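The values are calculated or read from the model by the stated rules, or taken from the named source; none is laboratory data. Nothing here was measured: the structure is a model prediction, and the numbers come from that model. Methodologically, a virtual Cβ is constructed for each residue, glycine included, from the backbone with ideal geometry; neighbour enumeration extends over all protein chains shown.
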Amino acid sequence: MDIEKELREKAAELLTSGKVKAVVGYGAGSAPDRPRAVFVTKPEDVEKLVWNKYCFYNLTTYIIKSEVCKLGPLAVVVKGCDAKTLVVLEKESQLKREDVTAIGVTCAGVGEPTQNKCAGCDVHTPIGCDFVIGDEIENKEVSFEDKYGSLKKITEMSREERWAFWEKEFSKCIKCYACSHICPLCYCSRCIVEKNQPQWIDSSSHGKGNFAWNFTRAFHLAGRCIGCGECDRACPMDIPLNLINKQLAMEVEENFNFKPGYDINDDLAMATYKEDDEANFIK
Ligand code: SF4
Ligand code: SF4
Ligand code: SF4
């Protein structure tokens, strides 16, 4: 099946019928391996849409931005991992699912070589989309061990070694905030790093401030991060942000039996109070 052709046909159909006024998809970038986001508003422009193994971006980042919302109603092209974001955004009242048309694309993996996240993918065929384009790829369940096996190098360290590891990694951070800007779930209109009265997090790049920034961000994403890996890919200093996101995902799954982005009916792990919570963490 020619996914690109089908994608363009679906976009043309949605725009022509008036169901949507803009399609947020992938378009050709400055090089074949650098597709970028495009916002197609006319059926005659659907040829601008592309699909290939370098379509890394999680385009849901755009659909809650006010400038883009103004173009709506919107359709957005999503891979299986990206589609999970829609569930979290709806759960957190950032969008009404009925206002967005999700065009899912089946995906065997992105990157050359294929990105690490794709080895443990259980959503090759996107779930919860309005349309799915591409031949179905079986979504196989991935065991807890396989999913989090790559964390061994972190979990087997002593506390001191782990501290030293992250101290070294975070010392590279230049506070460019690319990780936050690319993340579809970092949507606060004013991030804590932008506040200067009082200034909670120093904007200059130094050891303590870098720890405060990177840990604050990671913990704010705990139980919410859907593992698209975009923050890790965007970091110009190659800080392994995926490792910290994954470790928090593992803790949340282990302790709360919760994985974000799969089912809108699941209670959010970090926003749910139950009287019978064991609350072991404060005992
Ligand atoms: S995790 Fe990889 S294989 Fe799975 S949907 Fe996302 S990009 Fe595709
Ligand atoms: S924290 Fe990183 S991996 Fe998680 S949703 Fe945001 S960009 Fe994606
Ligand atoms: S993208 Fe990397 S260097 Fe930039 S703020 Fe985030 S962690 Fe720091």
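Taking the criterion of being in contact with a helix residue (DSSP H, G or I) (Cβ under 7 Å, 6 or more places away or on another chain) and under 30 Å from Lys65 (Cβ atoms), the residues of the range 151-176 that qualify are Phe170, Cys173, Lys175. Take the conditions touching a residue at least 40 places away in the same chain (Cβ under 8 Å) and surrounded by fewer than 16 Cβ atoms within 10 Å (Cβ to Cβ) and apply them to Gly207. Does it pass? Yes, satisfied. Of the residues in the range 204-213, at least one is within 14 Å of ligand 3 (Cβ to nearest atom) and of a type in the set (Phe, Trp, Tyr).
For (1) part of a helix (DSSP H, G or I); (2) polar (S, T, N, Q); (3) surrounded by fewer than 12 Cβ atoms within 10 Å (Cβ to Cβ); (4) out of contact with any His (no Cβ under 7 Å at 6 or more places or on another chain), each residue gets a yes or a no:
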residue	(1), (2), (3), (4)
Met157	no, no, no, yes
Glu160	yes, no, yes, yes
Phe165	yes, no, no, yes
Glu169	yes, no, no, yes
Lys175	no, no, no, yes
Cys179	yes, no, no, yes
Tyr187	no, no, no, yes
Arg190	no, no, yes, yes
Val193	yes, no, no, yes
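Of the strands (runs of 3 or more DSSP E) lying entirely inside the range 15-93, those containing at least 2 residues that are under 21 Å from the mean Cα position of the chain (by Cα) and of a type in the set (Val, Ile, Thr) span 22-27, 74-78. For the range 206-238, which positions are among the basic types (Lys, Arg) and within 15 Å of ligand 1 (Cβ to nearest atom)? Once the filter is applied, which keeps residues that are among the basic types (Lys, Arg) and within 15 Å of ligand 1 (Cβ to nearest atom), the range 206-238 yields only Arg233. Within the range 218-247, if we keep just the residues that are within 15 Å of ligand 3 (Cβ to nearest atom) and more than 25 Å from Cys55 (Cα to Cα), the residue that is surrounded by the fewest Cβ atoms within 10 Å (Cβ to Cβ) turns out to be Phe219. Does Ile103 satisfy being assigned to a loop (DSSP other than H, G, I, E, B) and crowded, with 20+ Cβ neighbours inside 10 Å? Here the answer is no, as Ile103 does not meet what is asked. Of all positions in the range 99-107, none carries a residue that is modelled with pLDDT of 95 or more and over 19 Å from Asp130 (Cα atoms). Quick check on the range 174-187. Is at least one of its residues within 15 Å of ligand 3 (Cβ to nearest atom), more than 17 Å from the chain's Cα centre (by Cα) and in contact (Cβ under 8 Å) with a residue 40 or more places away in the chain? Within the range 174-187, one or more residues are within 15 Å of ligand 3 (Cβ to nearest atom), more than 17 Å from the chain's Cα centre (by Cα) and in contact (Cβ under 8 Å) with a residue 40 or more places away in the chain. The set of residues in the range 31-88 being surrounded by fewer than 18 Cβ atoms within 10 Å (Cβ to Cβ), of a type in the set (Lys, Arg) and touching a strand residue (DSSP E or B) at 6+ places or on another chain (Cβ under 8 Å) consists of Arg36, Lys48. Only a single item in (1) surrounded by fewer than 15 Cβ atoms within 10 Å (Cβ to Cβ); (2) out of contact with any Asp or Glu (no Cβ under 8 Å at 6 or more places or on another chain); (3) not small (Gly, Ala, Ser) is not met by Gln115, and it is number (1).
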